[in-house]
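Written out below as structure tokens is the structure these notes cover.
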Amino acid sequence: KKMFALFAVAGIFLVVCRHGHVVVMCDMIRSGELMKYPLAMVKRLLDRYGKDIGLGYNIMCAFFKTLLRSSLGHRVVAMNLRGVVPAFHGHAHNRACQVGWHPLYVEGVGLEDFEECERTFAKSNHLASVTRLSTPFHRKQAINEHFCFHD
């Protein structure tokens with residue numbers, strides 16, 4: 001039974017700025033990639049950075065509806081949070097979604113492609129083999145060391 005406690009943490013959920021720096025990170029616990037993680041991250045971003053944030057998320061077109069229905073909805077509108085589907089992922093969505101959410105069509109986002117998380121995860125792939133069987137302390141230590149020095 002203790003052995004399976006190693007697998008309680010399913011991965012990490014993070015927010016990366018356009019410069020590649022990790023802004024917020026949390027463990028995903030066994031439940032997978034549910035809406036609780038991006039909701040918590042949006043709350044943290046609004047608390048820390050305030051108004052006029054542009055945020056890319058692979059399923060922003062669906063997530064934004066959830067976000068507006070959540071307890072954060074009024075803050076999201078008042079603080080002018082802009083949602084974008086990252087450029088690479090946007091092409092997998094239908095045309096109506098692309099026009100509303102693709103960074104090419106969202107005013108004010110510049111030339112940003114919102115794919116920095118993908119680049120960050122590509123650089124951190126080697127952590128999976130290192131942390132798979134490590135203790136929770138050593139797992140967090142390895143992840144922290146990687147992201148402190150990855151740029």
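Every number in this text was worked out from the coordinates using simple rules, so none of it is lab data. Given the structure is predicted, the values throughout are model-derived calculations rather than measurements. All Cβ positions, glycine included, derive from the backbone under ideal geometry; neighbour counts span all protein chains shown.
Quick notes on this structure:
- Restricting the trypsin sites (Lys or Arg not before Pro) of region 33-103 to loop positions (DSSP other than H, G, I, E, B) with no more than 10 neighbouring Cβ atoms within 10 Å leaves Lys51.
- Taking amide hydrogens as placed 1.01 Å from N in the peptide plane, the amide H of Val16 sits under 5 Å from those of Val23, each at least 5 positions away in sequence or on another chain.
- Footprinting exposure proxy for His138, His146 (fewest neighbouring C-beta atoms within 10 Å first): His138, His146
- Mean separation of Cα contacts under 8 Å, 6 or more apart, over the residue count of the chain: relative contact order %: 21
- Count of Lys pairs (Cα-Cα under 28 Å; at least 8 positions apart or interchain) in the chain: 14
- Scanning the chain for long hydrophobic helices, with DSSP H runs required to stretch 15 angstrom or more by C-alpha along their axis and to average at least -1.0 on the Kyte-Doolittle scale, returns 36-49, 136-149.
- Loop sites in region 75-129: GluC sites (Glu not before Pro), DSSP, at most 12 other Cβ within 10 Å: Glu107
- Cβ-based net charge around Leu81, under 9 Å, with every Lys or Arg adding one and every Asp or Glu removing one: +2
- Candidates per chymotrypsin sites (Phe, Trp or Tyr not before Pro) in region 1-105, loop by DSSP, up to 12 other Cβ within 10 Å: Phe7, Tyr105
- When the charge dipole of the chain is built from unit charges on Cβ atoms (+1 for Lys and Arg, -1 for Asp and Glu) and taken about the Cα centre, the candidate among Ser134, Phe13, Val99 whose Cα reaches farthest toward its positive end is Ser134.
- The chain: calculated mean residue ellipticity at 222 nm from DSSP helix runs of at least 4, using -39500 (n - 2.57): -13000 deg cm²/dmol
- Overall, the chain carries a charge dipole of about 720 debye about its Cα centre when +1 sits on the Cβ of Lys and Arg and -1 on the Cβ of Asp and Glu, all other atoms neutral.
- In the chain, the inverse of the mean reciprocal separation of distinct Cα atoms equals 16.7 Å; this is its Kirkwood hydrodynamic radius.
- Most mobile of Leu34, Leu46, Leu67 in a GNM of the chain (Cα contacts under 10 Å): Leu34
- Amide H contacts of Arg82 (H built 1.01 Å from N, under 5 Å, at least 5 apart or other chain): Ile53, Gly54, Leu55
- Of the residues Val23, Gly83, Gly73, the one whose Cα sits farthest toward the positive end of the charge dipole of region 23-129, with +1 on the Cβ of Lys and Arg and -1 on the Cβ of Asp and Glu, is Gly73.
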